[in-house]
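Please read the structure below before turning to the comments.
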Amino acid sequence: VGGITKSMVGLGNVDNTSDTGKPVSTAQLAALGAKAPLASPTFTGTVGGITKSMVGLGNVDNTSDTGKPVSTAQLAALNAKAPLASPTFTGTVGGITKSMVGLGNVDNTSDTGKPVSTAQLAALNAKAPLASPTFTGTVGGITKSMVGLGNVDNTADLSKPVSISQQAALDLKAPLSSPDFTGTVALPAGSTTAAPLRLTAGTNLTAASLGSVEFDGNNLYLTTNAASPTRRTVALSDTGSSSQIGLSSVVAAPLYPVVAWGDNSDGQARAPVLANVAAVAAGNSHSIALLDDGQVVEWGRSVGGTKPALTGVTDIAAGGSHNLVRQSNGRVFAWGNNTYGQSTAPTDILTAVKVAAGARHSLALLADGTVRGWGEDYLGKNAAPASLTGVTVIAIAAGQNHSLALRNNGKVVAWGDNAASQTTVPTAALSGVTAIAAGWNHNLALKLDGSVVAWGHDAGGKIDVPTAAASGVVQIAAGDTYSMALKADGTIVTWGFRAVENPVTVVPEGTTQVTQIAAGGDHALALRADSVPAQLARLDSAGRLGIGRTPLLNALEVEGNASKSTAGSWLANSDRRIKTDIESITGALDKLDQVRLVDFRYTAEYLAAHPGIEDRRYPNVIAQEFQKVFPDDVKGSGETLPDGSEILQVDTYALTIYSAAAVQELHRENRELKHKLAEQEQRLRKLERALTGK
């Protein structure tokens with residue numbers, strides 16, 4: 001059928017599209033716009049009239065998902081499953097591949113066998129190695145605590161403080177500047193290229209300091225004299241003709257550190273050869289010495305008893321005929337005559353600091369300042385008086401029958417026998433006293449001003465303090481009949497009874513640099529300093545030797561007398577084979593007759609220049625006169641007089657030879673005279689026979 005159009009049938013507005021292709025009309029679109037979409041509809045307002053059954057959920061409870069219970073079927077199913085946390089499978093697990101668990105690309109290799117992946121290698125290449133890493137750029141995020149240095153301050157080495165441990169270690173070291181060493185300082189061994197000790201040239205100290213050694217580049221200096229430090233030149237520059245050593249500046253340990261003199265009837269004044277002596281003490285007829293090592297040496301009359309095996313002795317005392325010592329542990333020991341118990345030291349004394357020994361009693365000063373006594377107790381000389389109760393004693397002394405104590409306020413207290421007023425302390429000794437000494441029956445006290453106070457028995461002038469002991473005294477000692485004082489300059493002053501033989505008040509010559517004195521019955525002891533001017537022989541660059549002086553001309557020159565300990569002679573080469581032009585000496589008597597032998601004394605000026613020469617009369621010749629007879633035996637000495645003229649010296653050996661020749665001449669003349677006399681006697685006998693006819 002043709003010719004019919006859609007308009008003819010009333011469908012002019014209808015498009016000829018299939019139902020599936022028809023568009024949504026405006027009305028339909030408006031109706032649909034009021035409906036909810038099937039996919040994710042969003043309702044507004046209140047939705048009603050719809051039940052859970054309408055949507056096929058009639059059996060579903062209206063509970064939230066988190067509140068829904070586990071159903072019976074779910075529980076049965078879950079019980080057949082492995083839990084997520086720590087599941088434990090049974091039987092054989094199969095059917096699971098590495099792809100199912102998202103590991104399809106992972107190789108089934110152990111952790112230790114896994115290779116480094118490309119990504120890992122790239123990441124590692126961006127990291128620093130543990131061994132010797134080398135960082136570039138700026139390194140951040142690392143703290144000192146991460147590297148175990150949390151307590152370390154970020155200070156430069158030059159600014160770092162001294163730690164407590166470092167300071168403790170440094171305190172055990174000597175400073176480079178003016179170190180003060182203790183004990184023995186050992187120097188390393190030298191070598192052919194290095195000296196064990198080398199002084200750097202420097203400017204002398206502004207003020208002399210005792211014991212200092214200085215070197216200014218030319219001279220070496222040593223400062224001596226504690227009382228008045230004095231810088232002495234001990235080596236001169238070698239810029240002159242020769243390098244010199246000042247003999248008076250060189251010191252050494254004395255050959256005889258203990259000097260003893262006075263009565264020697266029991267050998268008490270003949271000290272043995274000792275070394276390292278710390279102290280001395282003198283008894284009635286014996287002597288003792290304390291050595292640095294705490295040992296005790298005794299000589300003179302034996303005090304009897306057995307000396308204990310002593311060590312660590314720090315103080316000694318010698319009594320009439322017993323000895324007393326104090327050990328470093330405060331104990332006291334005694335030995336010798338024990339008639340009165342003076343050598344039985346109390347065993348309960350454990351804190352003694354000093355000891356003193358009298359004729360027949362002993363005293364000990366304890367650390368608490370109290371005094372203990374034992375032995376003969378005549379007139380209470382052992383028991384400390386009540387005036388010492390509650391006070392502090394710092395020194396003690398013991399005489400024949402009395403005792404002394406010095407309080408810390410400088411007051412002297414005395415007790416015991418007072419027959420000679422020895423325990424009547426004078427006013428001058430009631431204050432300002434620093435040391436005390438007790439003799440047989442007199443006492444001495446040393447004052448702060450260096451003066452000496454004496455009292456008690458006055459026989460022989462032993463308490464008449466001389467002017468020399470009126471000042472500058474540093475130590476005192478009292479014997480039986482005399483008194484002693486040690487001066488600050490190391491010399492000794494004595495006064496009292498002077499015996500005709502071996503007088504104890506005459507101090508031996510050369511007893512100088514004394515540090516301690518001790519007074520016995522009628523003998524005395526002096527301890528010299530550890531270092532005294534050395535007795536040196538001087539050898540100059542020309543090979544000349546001087547003893548006690550600097551040699552000037554001769555191979556050997558001696559200041560003062562010279563001697564040797566055994567018999568013998570000076571020897572000289574006199575072999576016939578080394579001599580020529582030999583002539584016998586004739587006219588010896590006539591030659592000797594021309595020599596004037598004289599007796600003389602040296603002038604005061606010459607003695608002053610040579611203090612080692614004794615001022616006495618000497619037999620010899622006059623050089624100028626001797627020169628006329630023996631011109632070859634008079635020479636210049638190298639020394640000059642104030643007017644510049646040279647002093648002459650003589651070799652008197654010619655007198656010895658010519659004297660022997662003169663004796664030979666006299667012997668020949670005597671022999672000729674004897675021969676002539678024999679001839680005359682024969683003639684006389686012949687004449688007698690002729691006259692008598694016999």
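The values are calculated or read from the model by the stated rules, or taken from the named source; none is laboratory data. It should be emphasised that the depicted structure is a prediction, and the values quoted were computed from it without experimental measurement. In this analysis, Cβ positions are derived from the backbone assuming ideal geometry, glycine residues included, and neighbour counts consider all displayed protein chains.
Of the residues making up the stretch 589-608, those that are without any contact (Cβ under 8 Å) to a residue 24 or more places away in the chain and out of contact with any Phe, Trp or Tyr (no Cβ under 7 Å at 6 or more places or on another chain) are D590, D593, D599, R601, Y602, T603, A604, Y606, L607, A608. A single member of A357, A352, A364 is touching a residue at least 60 places away in the same chain (Cβ under 8 Å) and under 20 Å from A289 (Cα atoms), and it is A357. Considering G510, G560, G496, G490, the condition of being modelled with pLDDT of 75 or more, at positive phi and either among the basic types (K, R) or exposed (fewer than 15 other Cβ atoms within 10 Å of the Cβ) (or both) is satisfied by G510 alone. Scanning the stretch 593-628 for residues that are part of a helix (DSSP H, G or I) and of a type in the set (G, A, S), which turns out farthest from R549 (Cα to Cα)? Residue satisfying both the conditions and the ranking: A623. P619 falls short of the stated requirement of being surrounded by fewer than 12 Cβ atoms within 10 Å (Cβ to Cβ) and without any contact (Cβ under 8 Å) to a residue 12 or more places away in the chain.
Here the condition is being at pLDDT 95 or above, in contact with a Pro (Cβ under 7 Å, 6 or more places away or on another chain) and on the phi < 0 side of the Ramachandran plot; of V371, V413, it holds for V413 alone. The sole residue among A309, A289 that is within 25 Å of T351 (Cα to Cα) and in contact (Cβ under 8 Å) with a residue 24 or more places away in the chain is A289. Within the span defined as the stretch 377-392, one or more residues are over 21 Å from D266 (Cα atoms), assigned to a loop (DSSP other than H, G, I, E, B), of a type in the set (V, I, T) and without any contact (Cβ under 8 Å) to a residue 12 or more places away in the chain.
Taking I396 as the residue in question, decide whether it is free of Cβ contacts under 8 Å to residues at least 60 places away in the same chain, touching a strand residue (DSSP E or B) at 6+ places or on another chain (Cβ under 9 Å) and in a loop (DSSP other than H, G, I, E, B). When the stated conditions are applied, I396 does not pass them. Scanning the stretch 283-298 for residues that are assigned to a loop (DSSP other than H, G, I, E, B) and over 24 Å from the mean Cα position of the chain (by Cα) yields G283, N284, S285. For the stretch 630-660, filtered to residues that are in contact with a strand residue (DSSP E or B) (Cβ under 9 Å, 6 or more places away or on another chain) and of a type in the set (A, V, I, L, M), the residue that is farthest from Y602 (Cα to Cα) is L655. Checked against (1) loosely packed, with under 15 Cβ neighbours inside 10 Å; (2) in contact (Cβ under 8 Å) with a residue 40 or more places away in the chain; (3) in a helix (DSSP H, G or I), A662 passes all but a single condition, namely (1). Evaluate the following for Y653: is it surrounded by fewer than 13 Cβ atoms within 10 Å (Cβ to Cβ), among the aromatic types (F, W, Y) and within 60 Å of the chain's Cα centre (by Cα)? Answer is yes for this residue.
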